[in-house]
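Here the structure comes first, spelled out in structure tokens, and everything after it is commentary.
No value in this document is a laboratory result; all are computed from the given coordinates. Every value quoted in this text rests on a predicted model; they were computed, and no experiment measured them. Every residue, glycine among them, receives a Cβ derived from its backbone with ideal geometry; neighbour counts consider all protein chains shown.
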Amino acid sequence: METLSTLLQQARSQGIVFIDPRIDYAFKLIFGTPGNEDLLLHLVQAILPDKGIVSVSLEPQEQIPLRPEARRSVVDVRCGTDDGSELIIEMQVRSQDDFTDRMVFYSSFPIINRLQRGDNTSYALTPLYIVGITDFIVPGVIGNDDMINHYTIRNVKDNGIEFTDSVHYITVELPKLNRSLTEVKDTPDWILYTIKNMGSMKEMPSEYRGSYLEKMFQLSNFASMDEMSQREYLARYMWEVDQRSQLRSAKNEGLAEGHAEGFVEGHAEGLHETARRMLAKGLDIGTISELTTLSQDVIRGLKEE
């Protein structure tokens, strides 16, 4: 098992000063940890500025299906708001052709779980917001220049007629945020700018001193994190690097982009090798299963090799 000093050397060789909030582990650490609800509130207010939300409360990240054998879902951040709404926020780095369908999949759990709570007097649903923050332009949707796009269920022929106000899908496409730090300072987009750029910063810019975002830099300082958090972040960081490397290799071999993405996701041996590296770093089987999508039985088999 590698020592903390070795891991720190690896991190420095990669230029890591602050953990990158675009990596889902870092995103959960910053916005999904009790005690950081103030940062989560600023993020929610930036995404839903017209809602007038003044408080949020964290809820369990794991969503349980009706049947025990059915697929479960672990989201990055799930919270309730003071007006009774529920938000699921997912951070996604690599493009997925079916990302919009994935957002719909996430919305099914809160709706189903409402039935599990035994309320059978009404079908009325509290407002549900599925938020996808992406480091790519969402494929399969007619594009525009807006960074934040808000979708509801409406009439196909007359978009002004809303079918229901219960389910909302929101995309936040970070590549569209091209303004400078000076331009976004003291605006709602400042926190989104920070999510996009903090991982490449070598020090906290002076513009952040005294602002609520100074806490985000403190939480994200790699050197001040405990050893387990460093290990888990590095494992996830290396996983993303490996996946991007395999994707580039697949494209260089002449595969179409869509097939290349499928090649990466389905490359079993690459997943096994990544899992072996995570085991060597001391990560537990449950965490490796979540990060690689391999079953715990498969990972146990790799451990016994």
Q | Rough spin-label spacing in nm, given labels placed 7 Å along Cα→Cβ, for Ser55 and Thr187 | A | 3.1
Q. Taking amide H positions as placed 1.01 Å from N in the peptide plane, with prolines and chain starts having none, which residues 5 or more places from Arg154, or on another chain, fall under 5 Å of its amide H?
A. Phe163
Q: Taking a cut-off of 30 Å between Cα atoms, list the lysines near Lys51, but don't count ones fewer than 8 places away on the same chain.
A: Lys28, Lys157, Lys176, Lys185, Lys196, Lys215
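I'd like the chymotrypsin sites (Phe, Trp or Tyr not before Pro) in segment 181-244 restricted to DSSP loop residues with at most 13 other Cβ atoms within 10 Å, sorted by number.
Tyr212
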Q.
If each residue of separation counts as 0.36 nm, what is the full-extension length gain between Ser108 and Arg276 once their alpha-carbon separation is subtracted?
A. 57.1 nm
Q) Which FRET efficiency value, to the nearest 0.05, is calculated for Val156 and Ala124 with the Förster distance at 25 angstrom and r the Cβ-Cβ distance? A) 0.55
Q. Applying the Karplus parametrisation 6.51 cos²θ - 1.76 cosθ + 1.60 with θ = phi - 60° to the phi angles of segment 150-164, what ³J(HN,Hα) value in whole Hz is obtained for each residue in order, glycine and proline being reported as x?
A. 10, 10, 10, 8, 10, 5, 4, 7, 9, 5, x, 9, 8, 7, 8
Q: Calculate, in nm to one decimal, what Asn221 and Thr164 gain on full extension: separation in residues at 0.36 nm each, minus their alpha carbon distance.
A: 16.2 nm
Q. What does the convex hull of the Cα atoms come to per residue for segment 157-225, in Å³?
A. 157
Q: Among the trypsin sites (Lys or Arg not before Pro) in segment 186-221, which ones are in a DSSP loop with at most 15 other Cβ atoms within 10 Å of the Cβ? Mind listing them?
A: Lys202, Arg209
